[in-house]
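Input: a single structure, listed below in structure tokens.
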Amino acid sequence: MKNNSFEMSKGIDWTLIGVYVLLVVTGIASIFATTYRDEAIVNGFLSLNTDYSRQLLYFIICIVIGSVILLTDSKFYTATANILYVVGVVLLLLVFPFHTDIKGTQSIIRFSGFQLQPAELCKIFVNLALAKYLSTPDLNFKRVKSQLIASALVLIPAVMAILQSETGLALVYFSFFLVMYREGLPSPILVIGFSLVILIVLTLLIEQNLLAVILTLLAAGVIYELRRKIKRKRSILFFIIGIWVLSVGVQRFAIPYFFNSVLKPYQVQRIYATVGKDLEVDESKLTEQDIKKMADKKKAGNYNVKQSTIAIGSGGFWGKGLMKGTQTRYDFVPEQRTDFIFCTIGEGFGFLGSIYLLGLYLFVLFRIVNIAERQRSTFSRAYAYGVASVLFFHIFINIGMTIGIVPVIGIPLPFLSFGGTALVTFTVLLFVLIRLDADRQMILR
Amino acid sequence: MPAFNQSRQSFIRILFLVAFIVLILRLLFLQLGSRKYDLLALDNALSKKIIYPDRGIIFDRHGKSILENTLTYDLMINPTQLKGMDTLGMCKILNINLDGFKERVIGAIIKNGRYRPSVFEASLSVETFVQLQENIFRFEPGFFLQERPIRSYPFKAAAHILGYVGEVDSTILKKTNYYYQMGDYMGLSGLERNYEPILMGQRGVRYQIKDNKNRIVGSYDKGLYDSVAIAGRNLNTYLDIDVQVLAERLLKNKLGAIVAIEPQTGGIIAMASGPTYDPNLLTGSQRKNNFSWMLRDTARPLFNRAIKGQYPPGSTIKPMGALIALDEGVITPEYGLGCSGAYYGCRRPIKCSHETANHASNLRLALANSCNSYFSHIYRLAVDNPRLNGTVNGYFKWKQYMNAFGMGVRLGVDLPSEDRGFIADTSFYNRLYNRSWSSCTNVFLGIGQGEMQATPLQMANMMCIIANKGYYYTPHFVQSIEAETERDTVLNPFKKRHQVTSIPDEIYDIVQLAMQDVTESGTGRVAKIDGISVASKTGTAENYGIIYGKREKLKDHSWFVCFAPRENPKIAVAVIVENAGFGAAWAGPMAGLIMEKFLKDTLSESRWKEVERIESQEIILPIVKYKRNRLDSLKRERLRKQQIRVIAENPLEKNQRDRGSAKINNHFNAIKPSDEEQFI
């Protein structure tokens, strides 16, 4: 038995687990700092009435789950990846008839006092399934068909999450494209994607017709510049004109259509708010409910970001000290246990605390990339990149939103935010990786 | 495993790194870039709570408190805690209907927000309070009772002296350099205003932390920056509240003023102005309503006639004329004048009420008989004093005398907004008569008419000068401040002795004796007091008013000035009753009662009857009465409706309140002295 456990623990990345524990403990401390209200501390931790005690309980559960994962055979994950994916999708489908309405989300199933958010949990299954698909022998990822299959794996849960009013969670799934990129998704697709992002941002910033004129002038300039080459090769001209048509089409028609018909007005408003613009909408086209919702959301969104930037900004270099932050202690920052937990660290421990946390996160990300690159099997590598991408997306969007450089998207800060499902999800993601890494000498299929 | 994709890991690493650098740069900008967020956070969470100390108490000369702090109770509401409350029960107790209840709740939410308690009903009446106190457990925590200290006046007197306390407005905020804050209370008039820094004490400040819903959650930094409130200090005054109450009774239903001063110290014993009001009306929740109807009253109950009423002094000025002539050396006490019923020194004769021979054969006789001819003449002698090179210089000197006596200048009493009266200066006559004027031009000044006006306070002060034989202390109320230190300089001006003449005491004796004669055998007999020698002078001042645009002669003002006992003066009094006729008719008896009450401490039964007789007499010009009653009926009705509750509580005050709300008539300002009047 003793020998066995030694075998089991061989190759396990204890450093990563140590950083993980550090992060979760920081999270519990932060939740404690914002929600502690003069109750007896021991009692508070044991009662399970307080958020910090509940988070502590989730942590203990996570340790159990993590231990179980570490004791499981790596082959289990490759073997069950596809089945788990199907289970995940089924769970997501079950949400539609069985969801409970809580705080405007329709993504939670509740049974016997227990809450489950499949859209959150599904990240694990998608990551496994994607890794499994990418590690298929003889897969030619240059083929459009493979690309489409991989994209479908990722996008099916994303679409369902959107249908469950969890746009934030849905966006997380897009981070898996980073994995595909690593595994050979052709660069042009990324270039096109990146250009598209720039085009969208420009569309937000510049008036539509003006942007169309600018794009036209740009195209004309390029054609003039390349006139000699074009004389030799006609196709370049068509290529440029094609890009021009596409760009103008996107900025002039596709995006307005998308904003007007697909997104909800308040979402459009939020997107505009991040680039510092006020959305002018034709109110006559909106229902009264929409207008009210927009006003509410706008107020709430602006208020949240304003208060969270005040909280973090007022932390200064050294911070105000544990539980001394007025912004977070006295509820000025909304959702400060969950999505805005970073404010507590920014206010209480200032720039130093923020750097400490960002340092830990960056360490984790780089460590995972290192781990990924030392894997012999594609499955493990793809899975590792999946974990890194999801974590990166969460961290960047969450912290970016609290300091006002990213639109307010309600996604948690990994390992820190209050919430059982999120903590379990991230723990499972990480510990499966650690398990796979422990068996990095094996070739997994 | 396509090996060439390996290079893509660098891109991913760089992507991570760049993203984190973006985050860190933004954090640098936020956390180290500016201190703006610090202030914003403090602004969010810090609330500065002012703790009000108890205001100081004001005592009279016998140590009776003439104003006190009492607690009233406000019914407070917590709008968020209203669910499941017995609303109807509350409506029943407050005697309002459900709509009114809802309206008030909404009003409270608008005013202070949902989470902060606001006043639902201020200054509860005793019955409501008792009922609520018994039942408040039924309404908690939606409603609770909160105590609030207000001023109360146990004697219901001395309203004009004490003044009132009210909420500061923006002009005061600016003037005091924002020492006060919105919602603060301060003394707005009277002693409350003058001694505000002493009475208010020192405010305490408590810094508290509030949460996102403006609820207080604790003290800031364990109270490190807090300061304690220091209670206001008490004031001891010269006032005799019994005399004050008597004075106010005497002036009931009359327009006028009574001022009584202790000559040795300048301490004011009583100062009444008629009509007056119950100072309790200007505390509590009905303050604004009461104030507005008093402001509209034609008889101006808010106007302190004792320091702001300006009247021609009439014959009461004559002792001063004598003093000036004596001090200048133009006459001696033996100086006499043959008067046969009028003064013919100037172009038009000035009538004198006495025609008998030798009624002005020396100063004492002339003063006792109030001879117009004599005082017109000695006025001219003083002004045309050959030593002074001409009338202009002579008049200038005369005016200097008057100013030294406290006429035409502010005496500096410790009440705000004292008026200075009026003594014309030489340029006034130069302008009016194109520099060609003589002592005949303003000869009426000698008998207290013409370009001259005095306040009752000034006349009482003049009596002090004669009583003291040549000096006075600035009249004032406050004798001492509790725990007085050297830093309290407010009382210093009152310790300075003002010497105004260099006339020997023997000559003063003659003036005093002449005034005693007035009481013993002259017009001042009405002010006689058994066993006490009173020196007095009556005055009957002619005055004019503009009624419906026409200048009309009004009934004379009744003046009486006196001091007693003559040998060792303890009290000097000036009384004026507007449009009451002869000085001896009303002002005299009132002055007598005041002196007697003060000197003997009691009044005999027959004297109390006299008080009742005077009290019940109404002396108000018909035109003033008419204007008081002829009110804009709509406004009056509205005001009355507002007052119904107060009236129900204070039925005695009903009369006064019914006078209502006529437009302010500048009755006194309309009266202008003139030189073509006939004098007594």
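Every number in this text was worked out from the coordinates using simple rules, so none of it is lab data. Fair warning: this is a prediction, and the values are worked out from it, not measured in the lab. Note that each Cβ is placed from the backbone with ideal geometry, even for glycine, and that neighbours are counted across all protein chains shown.
Taking the alpha carbon gyration tensor of segment A:72-185, multiplying each eigenvalue by 5 and rooting it gives semi-axes of 28, 16, 10 Å, largest first.
For segment B:367-504, compute Rh as the Kirkwood radius over C-alpha pairs and then the Stokes-Einstein diffusion coefficient at 4 °C and 1.567 mPa s; write the answer in µm²/s, rounded to an integer.
Numbers: Rh = 16.8 Å.
The Stokes-Einstein estimate is 77 µm²/s.
Computed over Cα pairs, the Kirkwood radius of chain B leads via Stokes-Einstein (1.002 mPa s, 20 °C) to a diffusion coefficient of 74 µm² per second. Between B:Tyr626 and B:Asp505, the contour length at 0.36 nm per residue exceeds the Cα-Cα span by 38.5 nm. The modelled label-to-label distance between B:Asp384 and A:Ser67, using points 7 Å beyond Cα along the C-beta direction, is 12.7 nm.
Can you give the average number of partner chain beta-carbon atoms within 10 Å of each beta-carbon in peptide A:181-190, as a whole number? Can you show the working numbers first?
On the way: counts 5, 6, 4, 5, 2, 0, 2, 0, 0, 2.
Mean number of neighbouring Cβ atoms from other chains: 3.
Annotation: amide H-H contacts under 5 Å for B:Leu67 (H modelled 1.01 Å from N, sequence separation of 5 or more, or interchain): B:Ile58.
In loop segments of segment B:263-346 as defined by DSSP, the chymotrypsin sites (Phe, Trp or Tyr not before Pro) with at most 15 further C-beta atoms inside 10 Å of their C-beta are B:Tyr344. Of the residues A:Gly315, A:Gly325, A:Gly11, the one that moves most in a GNM of chain A with alpha-carbon contacts below 10 Å is A:Gly11.
Across segment A:227-244, no residue has a backbone nitrogen under 11 Å from the label position 7 Å along the beta-carbon direction of A:Val144.
What residue among A:Thr338, A:Thr309, A:Thr80 shows peak mean-square fluctuation when chain A is described by a Gaussian network model with Cα springs under 10 Å? Greatest mean-square fluctuation among the candidates belongs to A:Thr80. Here is the tail figure for chain A: Cα pairs spaced more than 28 Å apart come to 57 percent of all pairs. Pairs exceeding a 27 Å alpha-carbon distance, out of B:Lys92/B:Lys156; B:Lys496/B:Lys528; B:Lys469/B:Lys495: B:Lys92/B:Lys156; B:Lys496/B:Lys528.
Starting from the Kirkwood radius over alpha-carbon pairs of segment B:49-237, derive D by Stokes-Einstein at 20 °C in a medium of 1.002 mPa s and give it in µm² s⁻¹. This corresponds to a translational diffusion coefficient of 113 µm²/s. The distance from the alpha carbon centre of segment B:313-355 to that of segment A:209-261 is 114 Å, rounded to a whole number.
The distance linking segment A:120-173 with segment B:534-608 is 107 Å (Cα centroid to Cα centroid, whole angstrom). Near B:Phe120, the amide H atoms lying under 5 Å from its own belong to B:Leu75, B:Met76, B:Ile77; only residues 5 or more places off or on other chains count, and H is placed 1.01 Å from N.
Could you work out how much longer the chain between B:Tyr544 and B:Lys111 gets when fully extended? Use 0.36 nm per residue separation minus the Cα distance between them, nm to one decimal.
150.7 nm
For chain B, the cysteines with no partner cysteine C-beta closer than 4.7 Å are B:Cys91, B:Cys339, B:Cys352, B:Cys371, B:Cys464, B:Cys562.
Specify whether the C-alpha gyration tensor of the protein assembly as shown places it in the rounded, prolate or oblate class, a ≥ b ≥ c being the square roots of the eigenvalues: rounded for a/c under 1.5, otherwise prolate if a/b is larger than b/c and oblate if not. Display every interim value, and only then the final one.
Values: a/c = 3.69, a/b = 3.03, b/c = 1.21.
It is prolate, given that a/c is not under 1.5 and a/b is the larger ratio.
If I take R0 = 30 Å and measure r between the Cβ atoms of A:Met323 and B:Thr70 in this structure, what FRET efficiency does the formula 1/(1 + (r/R0)^6) give, to the nearest 0.05? Efficiency, from the Cβ-Cβ distance: 0.10.
Between B:Ser47 and B:Gln208, B:Ile209, B:Lys210, the built amide H atoms are under 5 Å apart, and every one of these is 5 or more places off in sequence or on another chain.
Shown in residue order for segment A:427-432 are the 3J(HN,Hα) couplings computed by the Karplus curve 6.51 cos²θ - 1.76 cosθ + 1.60 at θ = phi - 60°: 4, 4, 3, 6, 6, 4 Hz (x for Gly and Pro).
A simple rule links phi to the HN-Hα coupling: the Karplus curve 6.51 cos²θ - 1.76 cosθ + 1.60 with θ = phi - 60°, which for segment A:331-338 gives 6, 6, 8, x, 6, 7, 7, 9 Hz, with x for Gly and Pro.
Couplings 3J(HN,Hα) for segment B:217-234, derived from phi with the Karplus relation 6.51 cos²θ - 1.76 cosθ + 1.60 (θ = phi - 60°), are 10, x, 8, 8, 6, 6, x, 4, 9, 6, 10, 8, 7, 10, 4, x, 8, 7 Hz, where x marks Gly and Pro.
FRET efficiency for the pair A:Arg110 and B:Tyr178, taken as 1/(1 + (r/R0)^6) with r the Cβ-Cβ distance and R0 = 51 Å, rounds to 0.35. Stretched out straight at 0.36 nm per residue, the stretch from A:Phe363 to A:Leu163 would grow longer than its current Cα-Cα span by 68.5 nm. Could you check how many percent of all C-alpha pairs in segment A:299-341 are farther apart than 15 Å? More than 15 Å apart: 37 percent of the Cα pairs in segment A:299-341. What FRET efficiency would be calculated for the residue pair B:Arg551, B:Val130, taking the C-beta separation as r and a Förster radius of 60 Å, to the nearest 0.05? Working from the Cβ atoms, E equals 0.55.
Inter-part distance, segment A:314-390 to segment B:450-510, computed on C-alpha centroids, equals 81 Å.
Here each label is just a point 7 Å from Cα along the line to Cβ, and for B:Glu334 and A:Ile443 those points are 15.3 nm apart.
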